[in-house]
1. Can you name the residue in segment 45-59 that is open to solvent by less than 80 Å² (accessible area, probe 1.4 Å) and either of a type in the set (Lys, Arg) or not in a loop (DSSP other than H, G, I, E, B) (or both) and is also nearest to residue 70 (Cα to Cα) among such residues?
2. Please verify whether segment 27-44 includes one or more residues that are surrounded by fewer than 10 Cβ atoms within 10 Å (Cβ to Cβ), among the charged types (D, E, K, R) and part of a loop (DSSP other than H, G, I, E, B).
Amino acid sequence: MKKGLDRAFLEYGIRKPDLEVITELCEKHELNADWVKDSLLSQYHKEKVDRIEMDDATTESVINKALQTVR
């Protein structure tokens with residue numbers, strides 16, 4: 001059995017097929033996929049790496065900070 005990182009994990013701890021679904025949903029809902037990846041997913045991933053367990057308040061904080069960049 002191979003050990004190590006799964007090659008499907010490319011960015012933000014998200015598997016490539018799942019990231020493609022996120023991109024498709026962004027296009028469907030007219031969201032900028034790059035913004036979602038950079039402002040939401042990357043920040044969420046950084047917080048998750050630091051904390052391991054994310055609570056709702058921390059997740060909400062990440063989303064609110066990202067939304068501030070839009071306004």
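The values are calculated or read from the model by the stated rules, or taken from the named source; none is laboratory data. Bear in mind that the values here come from a model prediction, so they are computed numbers and not experimental data. Ideal geometry is used to build each Cβ from the backbone, glycine not excepted, and the neighbour counts take in all protein chains shown. Quick note on the areas: whole protein, heavy atoms, side chains included, nothing else; ligands and nucleic acids left out. Shrake-Rupley method; radii C 1.70, N 1.55, O 1.52, S 1.80 Å.
1. 59
2. Checked segment 27-44: at least one residue is surrounded by fewer than 10 Cβ atoms within 10 Å (Cβ to Cβ), among the charged types (D, E, K, R) and part of a loop (DSSP other than H, G, I, E, B).
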